[in-house]
Amino acid sequence: MTADDITSASDCEQSPKSRPAFMEIAPDHETLRAYMRNKQAIAEAIRALRRIIHERGHDRREEDCHDLMVKLAEDRFALAVLGQFKRGKSSLMNAIVGREVLPTGVLPLTSAITILKFGPVERLLIHREDWSWPQEEPLSQLAQYVTEKGNPGNVKQVKMACVELPLPFLRRGLEFVDTPGVGSAIEANTATTYGFLPNCDAVIFVTSVDTPLTAVEIEFLQRIRQHVHKVFFVVNKMDLLGETERQEVLEFISETIRRQVGDGAASVFPLSSRLGLAARMAGDADAYAQSGLKDLEETLATFLSEEKAATFLTAIIDKAARILADESGEPCPEPAEGPDMAVHKALDAVRTKLTALRDSLFRAEPSGENVEFAHAALPPVVTESLPRAAPEPTDIAADLKTRGCPACRHLVEAALDLHSHWQYALASDESVQAGFAAELGFCPLHTWQLLAMSSPHGASLGYTRLVDRVAHDLATLPPSAGSAAAIRSLLPGRNCRVCQVLRETEQEYVARLASFLQESENMQAYIRSQGLCLRHLGLVVAAVPDEVAGLLLSEASRHFAECAEDMQSFSLKHEAIRRALHNRDEEDAYLRAIIHLVGERNVQAPSNMDGEI
């Protein structure tokens, strides 16, 4: 088993019920997922507020809403590992990510910051002084840029090295920062680390048992506390001491932190990054816990999802509430009717949601409770009331002029109209998004048709709830063959709204067409047309008198025979290089024949849908 196997994104995102045994040594990332869902709920409230403001033409407040969305989107959180030279900072980071990414050794690092961040594939980006664009290098070359041996005196002018890794720990906006150690002979290292302090959001301060908390470290800690409130204290290399010595060192460090830094509530984590990394790579859950690494990682995950989330997200909610208050103006009696009443209710709904979201961030319940609120606060499934454009008066005579099947063509136009309404509603209406998720969306055919009309932004908004619902349902399934039926039940399409509407539209159109064809002059128009596809021919024949049915069957036979002749003529002229002699009927005969055999491609569903629209 390799380190890559242990820390791959796909493995770490599995349900705990289905994880291999070695995955039990990884910390629980569910709290981080809950944080992202809380962010999404806040973003939805801000979008709703922004739409109201846009409709009222208040540009400044709309821009304020945009700025809040930018803050939510960026969501960068710098967790820096700081400490004196040779305390094992890089080793600790390697242990936390579960592999030897950062170089370690007896020589100090150069004066460069190394940032681990999420990326879909591994890569190394080197940022140099006075370079406009980063230089991409193989990850194996990292030591050539950030160690004294590979880059003595930083002659390569490295400003920062960014390592992108597909690790769940880094996935949600976290930048895990390795800094040069202070107090070494390379003064530039200390200057670089001190210069980075204002960019830190939280700090892991690493000392070790060999020379715990020197004067240099205490001075450094005091400087750190001027910029950062949250500091995690790590005492590394605990494997070098016996049990009695360990306790003495921990008591000394805790007392020194309390006395010199004034942090009486500081949490100190004794651990061995060397043993922790070995345990992670070997898949040894017991050794992982005994190394002390497990306690630190679980504390970090809790902080990143709860304390950091509460502080960051509450600030966003409060700013949105101030914008809403400005938009609402001074309190006044509710208007009795008219557009103002609708605006009042819309603003009140946003206010209620923001208040509940803010309260939920500080509940004792797990963060996942917020997600339940976000869904429960929406109306029940309301896709029944999705607005449909009033149907145009059916002009069957005009429909018969198509080169394909008139009934199919009518359904194609109806589907386009439906998709145009759905793509807008899904991108802008939370209640429609909730109903869409509850019904598992559209069938495969109509899913792709909808996507063809949607922007990536609109599709992301419309499908977030559905994808999150599937993720939640899969996480609750037992790891057994019996789950197969439950998985099939999650396949989209069983309650496809477009299929339902098109079935109704088809029934209505076939009834009108059957009535239309019973007039002799209308039958002449049909004879001049290309006729119906086999599916719609069968539906119409079942709805007309025998005399009319006979004419329809005769015409259908004639059209198929003519198509066969035209296809043969096209093939012969093509082979004889007499393509200029092709006529229009010959050129599209194959297409007309296929349409009349199976129907328009944008209407007919795949075979696994039993031939239904």
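Sort out which residues of segment 482-532 are over 25 Å from the mean Cα position of the chain (by Cα) and in a loop (DSSP other than H, G, I, E, B), and write them in order of number.
The answer is Gly482, Leu517, Gln518, Glu519, Arg528, Ser529, Gln530, Gly531, Leu532.
I'd like to know if segment 567-577 contains one or more residues that are of a type in the set (D, E, K, R), under 21 Å from Thr402 (Cβ atoms) and assigned by TED's automatic domain parsing to the domain that holds Val598.
No, the conditions are met nowhere in segment 567-577.
Quick one: would you say Lys149 is assigned to a strand (DSSP E or B) and surrounded by fewer than 18 Cβ atoms within 10 Å (Cβ to Cβ)?
Here the answer is no, as Lys149 does not meet what is asked.
Test Phe176 against the criterion of being of a type in the set (Phe, Trp, Tyr) and part of a strand (DSSP E or B), and give yes or no.
It is true that Phe176 is of a type in the set (Phe, Trp, Tyr) and part of a strand (DSSP E or B).
Which of (1) farther than 30 Å from Thr193 by Cβ; (2) modelled with pLDDT of 65 or more; (3) outside any helix (DSSP H, G or I) is the odd one out, the single condition Ala78 does not satisfy?
Condition (1) is where Ala78 drops out.
Kindly indicate the residue of segment 533-545 that is in contact with a His (Cβ under 9 Å, 6 or more places away or on another chain) and part of a helix (DSSP H, G or I) and also farthest from Ala593 (Cα to Cα) among those meeting that condition.
Leu537
Would you mind telling me which numbered condition in (1) surrounded by fewer than 16 Cβ atoms within 10 Å (Cβ to Cβ); (2) in contact (Cβ under 8 Å) with a residue 12 or more places away in the chain Asp286 fails?
Every listed condition holds for Asp286 apart from (2).
So Ile323 passes all but one of these: (1) surrounded by 18 or more Cβ atoms within 10 Å (Cβ to Cβ); (2) in contact with a Phe, Trp or Tyr (Cβ under 9 Å, 6 or more places away or on another chain). Which condition number does it fail?
So the condition that Ile323 fails would be (2).
Within the set of pairs 6+ apart or on separate chains, which have a first residue in segment 501-527 that is buried (at least 19 other Cβ atoms within 10 Å of the Cβ), a second that is in a helix (DSSP H, G or I) and of a type in the set (Phe, Trp, Tyr), and C-beta atoms under 7 Å apart?
If the second residue must be in a helix (DSSP H, G or I) and of a type in the set (Phe, Trp, Tyr), the pairs left are Leu517/Tyr526.
Conditions first: (1) at pLDDT 90 or above; (2) buried (at least 20 other Cβ atoms within 10 Å of the Cβ); (3) outside any strand (DSSP E or B). Thr192 passes all but one, so which condition is the exception?
Among (1) at pLDDT 90 or above; (2) buried (at least 20 other Cβ atoms within 10 Å of the Cβ); (3) outside any strand (DSSP E or B), Thr192 violates only (1).
Any idea which residue in segment 227-259 is surrounded by the fewest Cβ atoms within 10 Å (Cβ to Cβ), counting only those that are out of contact with any helix residue (DSSP H, G or I) (no Cβ under 8 Å at 6 or more places or on another chain) and under 15 Å from Phe205 (Cβ atoms)?
His229
Kindly establish whether Phe269 is hydrophobic (A, V, I, L, M, F, W, C) and outside any helix (DSSP H, G or I).
Yes; evaluated as a whole, the condition is true for this residue.
For segment 195-249, what are the residues that are assigned to a helix (DSSP H, G or I) and of a type in the set (Ser, Thr, Tyr)?
Residue satisfying the conditions is Thr244 alone.
Considering only residues of segment 126-146 that are surrounded by 17 or more Cβ atoms within 10 Å (Cβ to Cβ) and among the hydrophobic types (A, V, I, L, M, F, W, C), which is nearest to Asn189 (Cα to Cα)?
That would be Val146.
When you go through (1) in contact (Cβ under 8 Å) with a residue 60 or more places away in the chain; (2) surrounded by 21 or more Cβ atoms within 10 Å (Cβ to Cβ); (3) of a type outside the set (Gly, Ala, Ser) one by one for Leu221, which number turns out not to apply?
The failed condition is (1).
Could you name every one of the helices (runs of 4 or more DSSP H) located completely within segment 408-481 that has at least 2 residues being at pLDDT 85 or above, more than 30 Å from Arg535 (Cβ to Cβ) and over 17 Å from the mean Cα position of the chain (by Cα)?
Per the criteria, 430-438.
Which count do you get for residues in segment 121-144 that are assigned to a loop (DSSP other than H, G, I, E, B) and either within 16 Å of Val155 (Cβ to Cβ) or of a type in the set (A, V, I, L, M, F, W, C) (or both)?
Counting residues in segment 121-144 that are assigned to a loop (DSSP other than H, G, I, E, B) and either within 16 Å of Val155 (Cβ to Cβ) or of a type in the set (A, V, I, L, M, F, W, C) (or both) gives 6.
Given the criteria in contact (Cβ under 8 Å) with a residue 60 or more places away in the chain, surrounded by fewer than 20 Cβ atoms within 10 Å (Cβ to Cβ) and basic (Lys, Arg), does Arg76 qualify?
yes
Working only within segment 461-519, note down all residues that are out of contact with any Phe, Trp or Tyr (no Cβ under 8 Å at 6 or more places or on another chain), within 27 Å of Leu551 (Cβ to Cβ) and among the hydrophobic types (A, V, I, L, M, F, W, C).
Within segment 461-519, Val510, Ala511, Leu513, Ala514, Phe516 qualify.
Identify all residues within segment 91-112 that are closer than 24 Å to Pro198 by Cα, buried (at least 24 other Cβ atoms within 10 Å of the Cβ) and modelled with pLDDT under 90; write none if there are none.
Leu109, Thr110, Ala112, listed by residue number.
Here is a yes/no grid of residues against (1) in contact with a strand residue (DSSP E or B) (Cβ under 8 Å, 6 or more places away or on another chain); (2) within 15 Å of Gln84 (Cα to Cα):
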position: Thr211; (1), (2): no, yes
position: Val216; (1), (2): yes, yes
position: Arg223; (1), (2): no, yes
position: Glu245; (1), (2): no, no
position: Phe252; (1), (2): no, no
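Every residue, every condition in (1) assigned by TED's automatic domain parsing to the domain that holds Pro134; (2) of a type in the set (S, T, N, Q); (3) in contact with an Asp or Glu (Cβ under 9 Å, 6 or more places away or on another chain), yes or no:
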residue	(1), (2), (3)
Glu164	yes, no, yes
Ala191	yes, no, no
Thr214	yes, yes, no
Glu219	yes, no, no
Glu245	yes, no, no
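The values are calculated or read from the model by the stated rules, or taken from the named source; none is laboratory data. This structure is a prediction, so every number in the text was calculated from the model and none was measured. Glycine gets a Cβ as well: all are built from the backbone with ideal geometry, and neighbour counts include every protein chain shown.
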